[in-house]
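Trainee: Below you will find the structure I want to go over with you.
Values in this text are rule-based calculations from the coordinates and carry no lab data. If you're wondering where the values come from, they're calculated on a predicted model, not measured in any experiment. Every residue, glycine as well, gets a Cβ built from its backbone with ideal geometry; the counts of neighbours run over all protein chains shown.
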Amino acid sequence: MFIIHSYGLAVLFCFITMLCWGSWANTQKIAGKSWRFELFYWDYVIGVVLLSLFSALTLGSYGHGGRGFIEDLKQADSDNIIKAIIGGIVFNAANILLSAAIAIAGMSVAFPVGIGIALILGVIVNYVTAPQGNIELIIIGIILIMAAIITNAIAYHRANKSEGKVSLKGLLISVLAGLLMSLFYRFIASSMDMSNFENPAIGKMTPYTAVFIFSLGILLSNFVFNSILIYKPFQGQPTNYSSYFKGRFPVHLTGILGGIIWGVGNSLNLIAAGKAGPAISYGLGQGATMVAAFWGVFIWKEFKQGGNKTNLLITAMFLLFIAGLGVLIYSGV
């Protein structure tokens with residue numbers, strides 16, 4: 001299977017993760033013009049599963065290092081399979097909440113608040129369980145990112161206060177999504193032998209197998225979580241499964257594309273974690289917050305009524321995020 005041996009390449013993969021995790025929600029924004037996010041989300045999940053299977057059968061099955069996908073799947077312990085499935089369930093609950101927050105409050109709010117919280121808590125959780133990197137620099141990076149999140153919240157309040165559009169529901173859902181999102185990575189990472197992808201311990205899985213099992217956890221839990229939302233949505237009128245099957249092919253394809261984009265980022269991030277360490281790999285990947293904020297600000301114009309002071313706050317937010325991510329990268333050198 002394909003294995004990373006260079007810290008520099010691991011960081012590059014994490015940056016690709018950042019772009020993917022910060023960009024997939026654009027497909028939701030596009031589909032949302034004519035398509036409920038609860039229906040969109042089924043296509044998104046299908047895209048995640050398809051990408052994980054493709055990755056496992058290609059990068060995860062060829063090469064000289066590690067175990068091939070089929071061989072690895074056959075020898076995996078049930079405990080580790082369950083951990084990866086739980087990771088998928090936790091992630092799915094968090095991501096559905098994040099998608100709801102995007103629909104209510106916009107990308108430039110849901111991502112900085114939800115994923116920002118997930119980044120901070122997730123880095124802490126992953127470092128405690130697998131210490132790798134300079135802890136002092138990691139803390140400094142977290143503080144800078146927290147400052148960016150607070151700055152973004154202030155900018156959002158200023159931009160929308162005059163129109164009465166500040167959504168407390170959207171902010172609260174973003175916070176809850178972030179709390180859950182901080183936990184999923186630990187489950188999937190613990191199902192793998194993070195210290196040795198070349199010769200992983202018996203019973204542990206390679207990242208390719210773990211990602212596939214993780215995606216099955218997302219798929220299975222979606223029958224419960226998303227079915228509830230279809231009939232009891234956070235916002236708007238209930239919909240139904242018959243509406244899903246009436247959707248046009250291009251709309252379905254948009255959702256599947258969103259899942260593939262996120263899945264590429266997830267696979268590359270876990271491949272990189274073997275060299276960079278789970279705390280740094282996860283933290284850099286969740287720099288997706290900055291990417292999503294960029295889309296929300298410059299493409300979707302979610303702060304267009306903000307004025308000069310709001311624009312200054314947005315600029316400060318980007319600078320703080322960039323500084324925080326830079327410190328996180330340096331902490332692993």
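Trainee: Could you give the alpha-carbon Rg of the stretch 252-333 over 2.2 N^0.38 Å, rounded to two decimals?
Mentor: Compared with the compact-globule rule of thumb, the stretch 252-333 sits at 1.33.
Trainee: Whole Å is fine, so just give me how far the alpha carbon centre of the stretch 228-293 lies from that of the stretch 50-73.
Mentor: What the calculation gives is 22 Å, centre to centre.
Trainee: HN-Hα J couplings of the stretch 289-296 from phi, Karplus 6.51/-1.76/1.60, θ = phi - 60°, integer Hz, Gly and Pro as x?
Mentor: Per residue, the Karplus-derived 3J(HN,Hα) values read 3, 5, 5, 5, 4, 4, 4, x Hz.
Trainee: For a distance above 16 Å, tell me the whole-number percent of Cα pairs in the stretch 101-201 that qualify.
Mentor: Distances greater than 16 Å cover 63 percent of the Cα pairs.
Trainee: Then there is this: Given a cut-off of 27 Å, name the pairs among Lys204/Lys232; Lys232/Lys309; Lys29/Lys169; Lys29/Lys275 whose C-alpha atoms lie farther apart than that in the structure shown.
Mentor: Beyond 27 Å between Cα atoms: Lys204/Lys232; Lys232/Lys309; Lys29/Lys275.
Trainee: Given Cα positions, please report Rg to Rh for the stretch 12-150, the hydrodynamic radius being the Kirkwood one.
Mentor: 1.00
Trainee: Now, a different point. Ignoring the sites themselves, what is the longest stretch of the chain with no trypsin sites (Lys or Arg not before Pro) in a DSSP loop and at most 16 other beta-carbon atoms within 10 Å?
Mentor: Of all site-free stretches, the longest is 34-164.
Trainee: Kindly provide the Kirkwood hydrodynamic radius of the stretch 199-284 in Å, to one decimal, from all pairs of distinct alpha carbon atoms.
Mentor: Averaging 1/r across every pair of different Cα atoms and inverting gives 15.8 Å.
Trainee: If you don't mind, there's one more thing I want to ask. Using +1 at the C-beta of Lys and Arg and -1 at the C-beta of Asp and Glu, which of Ile280, Ile115, Leu325 has the Cα lying farthest in the positive direction of the dipole of the chain?
Mentor: Ile115
Trainee: While we're here: Calculate, in whole percent, how much of the Cα-Cα pair population of the stretch 1-82 lies beyond 15 Å.
Mentor: 72 percent
Trainee: Based on the inverse mean of 1/r over its pairs of different Cα atoms, what is the Kirkwood hydrodynamic radius of the stretch 153-304, in Å?
Mentor: After inverting the pairwise mean of 1/r, the radius is 18.6 Å.
Trainee: Do me a favour and compute the ellipsoid semi-axes for the chain from its Cα gyration tensor, root of five times each eigenvalue, largest one first, whole Å.
Mentor: Whole-Å semi-axes of the equivalent ellipsoid: 31, 25, 15.
Trainee: Under the rule of -39500 (n - 2.57) per DSSP H run of 4 or more residues, summed and divided by the residues of the chain, what mean residue ellipticity at 222 nm is obtained, to the nearest 500 deg cm²/dmol?
Mentor: -24500 deg cm²/dmol
Trainee: DSSP H helices in the chain with Cα extent of 18 Å or more along the helix axis and mean Kyte-Doolittle hydropathy at least 0.0?
Mentor: 7-23, 37-57, 78-105, 116-129, 135-161, 168-190, 207-231, 249-276, 307-331
Trainee: Something else now. Amide H to amide H, which residues 5 or more places from Met192 or on other chains are under 5 Å from it, using H placed in the peptide plane?
Mentor: Met205
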